[in-house]
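The values are calculated or read from the model by the stated rules, or taken from the named source; none is laboratory data. For clarity, every value in this text was computed on a predicted model and none was experimentally measured. All Cβ positions, even for glycine, are placed from backbone atoms using ideal geometry, and neighbour counts span all protein chains on display. Surface areas here come from the heavy atoms of the whole protein model, side chains and all, with no ligands, DNA or RNA. Shrake-Rupley method; radii C 1.70, N 1.55, O 1.52, S 1.80 Å.
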Amino acid sequence: MRLKRFGTKKRPDYRIVVMDSRAKTQGRTLDEVGQYHPLAEKDQQVILKVEKIQDWLAKGAQPSDTVRALLNKNGVTVTRTVQE
């Protein structure tokens with residue numbers, strides 16, 4: 001899981017997406033599980049589809065550090081797993 005940037009210059013808008021780790025940053029996504037609007041008011045910054053997120057985490061999806069922080073701040077607990 002990672003952030004995919006949209007929006008215009010100096011007006012960022014991000015989608016929280018599930019992607020193959022080998023895909024390009026702006027490449028094809030498997031699923032969209034939320035949105036992040038950093039310039040919006042605090043209560044409207046993050047929109048999450050919790051059921052989809054929990055389903056992908058159960059399948060083994062690993063969120064990026066930024067996505068993990070956003071999920072933890074919004075009540076979706078994510079434990080860090082060490083990949084060997």
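Calculated mean residue ellipticity at 222 nm for the chain: -6000 deg cm²/dmol, from DSSP H runs with n ≥ 4 weighted as -39500 (n - 2.57), summed, divided by the residue count and rounded to 500.
Could you give the size of the charge dipole of the chain about its Cα centre, using +1 on the Cβ of each K and R and -1 on the Cβ of each D and E, expressed in debye and rounded to the nearest 20? The calculation lands at about 420 debye. Considering only protein heavy atoms and a probe of 1.4 Å, how much of the accessible area of the chain is carbon and sulfur, as a whole percent? Carbon and sulfur atoms account for 47 percent of the accessible area of the chain. The lysines whose alpha-carbon is closer than 26 Å to the alpha-carbon of Lys9, local same-chain residues fewer than 8 away aside, are Lys24, Lys42.
The trypsin sites (Lys or Arg not before Pro) of segment 1-76 that DSSP puts in a loop, and whose beta carbon has at most 15 other beta carbons within 10 Å, are Lys9, Lys10, Arg22, Lys24, Arg28, Lys49, Lys59. The residues packed around Lys59, meaning those with a beta-carbon under 12 Å from its beta-carbon, carry a net charge of -1 if Lys and Arg are +1 and Asp and Glu are -1. Straight-line reach from Lys10: which aspartates and glutamates fall under 19 Å, measuring Cα to Cα and dropping same-chain residues less than 8 apart? Hits, sequence-local ones excluded: Glu41. Cut-off under 18 Å on the C-alpha distance; same-chain residues fewer than 8 positions from Lys52 excluded. Which lysines are left, in chain and number order? Leaving aside lysines fewer than 8 places away in the same chain, those within reach of Lys52 are Lys4, Lys73.
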